[in-house]
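Working notes for the structure below.
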Amino acid sequence: MYDMIIIGSGPAGLSAAIYGQRAKLSVLVIEKQPMSGGQIINTYDVDNYPGMPGISGFELATKMRAHADALGAKFVTEEVRAAELSGEEKVVRTDTGEYRAKTVVIAAGAVHRKLSVPGEEALLGRGVSYCATCDGAFFRGKETAVVGGGDVALEDALFLARACSHVYVIHRRDEFRGAKVLQEKVLAAENITVLWDTVVEEICGKEQVEELSLINKKTGEARRLPVQGVFVAVGIAPNTGLFRGALRMDDAGYICAGEDGATNLPGVYAAGDVRTKQLRQIVTAAADGANAVTSVERYLNGQMSN
């Protein structure tokens with residue numbers, strides 16, 4: 001019986017593990033991936049985490065995990081398949097067994113949304129990618145496209161522009177949603193072209209991506225864009241399907257929880273990209289982990305005093 005089980009080991013989960021160990025709680029972290037860090041391990045350059053300008057996401061994730069390890073947090077690499085969270089004793093079942101705890105912190109993160117257009121699935125790994133920093137090196141000297149208009153899309157375009165001959169940014173609106181500093185860099189880059197008000201209708205190619213079928217939403221004009229790679233950056237979806245029906249969520253599937261991380265079930269907390277909040281960044285995920293542990297401590301202290 002653990003004091004706290006943490007599901008996921010991105011910045012929120014690792015922060016919770018660190019704070020949990022410092023609070024002298026018995027902590028178990030369950031992570032399905034072979035490496036901790038969540039989405040940040042694929043971030044080439046983290047420039048908005050205070051005190052560490054220019055650090056790579058991989059390096060930051062490694063430092064966070066090392067911190068948790070040094071404090072004695074226990075990690076297992078398993079995938080959570082089911083959870084019974086309504087009782088006083090929480091049961092988390094994985095693909096190899098089950099674990100019990102007094103509290104659970106859900107920090108399962110999120111996954112990339114897809115375009116859901118013809119050719120996307122068929123050409124995945126053959127020109128279609130959701131991670132520019134992972135796969136960009138394969139397209140050195142080639143023409144590529146990035147689909148999206150937020151921070152990730154703009155960061156991907158700038159990263160690819162360092163090695164690709166040309167990068168097209170395909171955005172369905174007439175203005176970006178990303179940070180102003182990123183917008184300025186993208187618009188100033190000589191080898192980046194922005195296609196406004198445009199959506200991808202189909203990703204075409206036999207063995208590899210060869211071209212995109214595009215349509216301008218305002219004019220109705222259709223065109224073919226020859227590219228060898230397309231990087232999809234149209235947002236994320238929270239990994240909360242496992243808890244649907246048990247926890248209160250909004251229409252997008254984010255767990256309803258405030259700054260304290262408390263959900264509608266006693267002893268169950270949400271942290272990081274899975275919870276409802278204004279800003280989903282590394283710094284807010286780390287704060288969520290810390291806040292969740294403070295709530296866990298208060299919950300456990302209340303149990304002991306009853």
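The values are calculated or read from the model by the stated rules, or taken from the named source; none is laboratory data. Note that the structure is predicted; figures quoted are calculated from it, not measured. A quick note on method: Cβ atoms are made from the backbone with ideal geometry, for glycine too, and the neighbour counts reach across all protein chains shown.
On the given criteria, is K277 closer than 28 Å to R81 by Cα and part of a loop (DSSP other than H, G, I, E, B)?
Working: closer than 28 Å to R81 by Cα: yes; part of a loop (DSSP other than H, G, I, E, B): yes.
Taking the combined requirement at face value, the residue satisfies it.
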- request: Check off (1) closer than 29 Å to G150 by Cβ; (2) buried (at least 19 other Cβ atoms within 10 Å of the Cβ) for R244 and give me the number that stays unchecked.
  value: (2)
- line: Of the conditions (1) surrounded by fewer than 21 Cβ atoms within 10 Å (Cβ to Cβ); (2) not assigned by TED's automatic domain parsing to the domain that holds L195, the single one that G272 does not satisfy is (1)
field: Qualifying positions in segment 70-127 - surrounded by 13 or more Cβ atoms within 10 Å (Cβ to Cβ), assigned to a strand (DSSP E or B) and small (G, A, S)
entry: A83, A101, A110
statement: Counting only residues that are in contact with a Gly (Cβ under 7 Å, 6 or more places away or on another chain) and assigned to a loop (DSSP other than H, G, I, E, B), segment 236-267 contains a total of 2
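What do you reckon, is A145 modelled with pLDDT of 95 or more, aliphatic (A, V, I, L, M), assigned to a helix (DSSP H, G or I) and buried (at least 21 other Cβ atoms within 10 Å of the Cβ)?
no
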- line: When restricted to F159, F176, the only residue in contact (Cβ under 8 Å) with a residue 24 or more places away in the chain, surrounded by 14 or more Cβ atoms within 10 Å (Cβ to Cβ) and part of a helix (DSSP H, G or I) is F159
- prompt: What number of residues within segment 216-241 satisfy the criterion of being more than 19 Å from E143 (Cα to Cα) and either surrounded by 16 or more Cβ atoms within 10 Å (Cβ to Cβ) or not β-branched (V, I, T) (or both)?
  reply: 14
- prompt: For segment 132-142, which residues satisfy the criterion of being within 22 Å of L195 (Cα to Cα) and either surrounded by fewer than 18 Cβ atoms within 10 Å (Cβ to Cβ) or among the aromatic types (F, W, Y) (or both)?
  reply: F139, R140, G141, K142
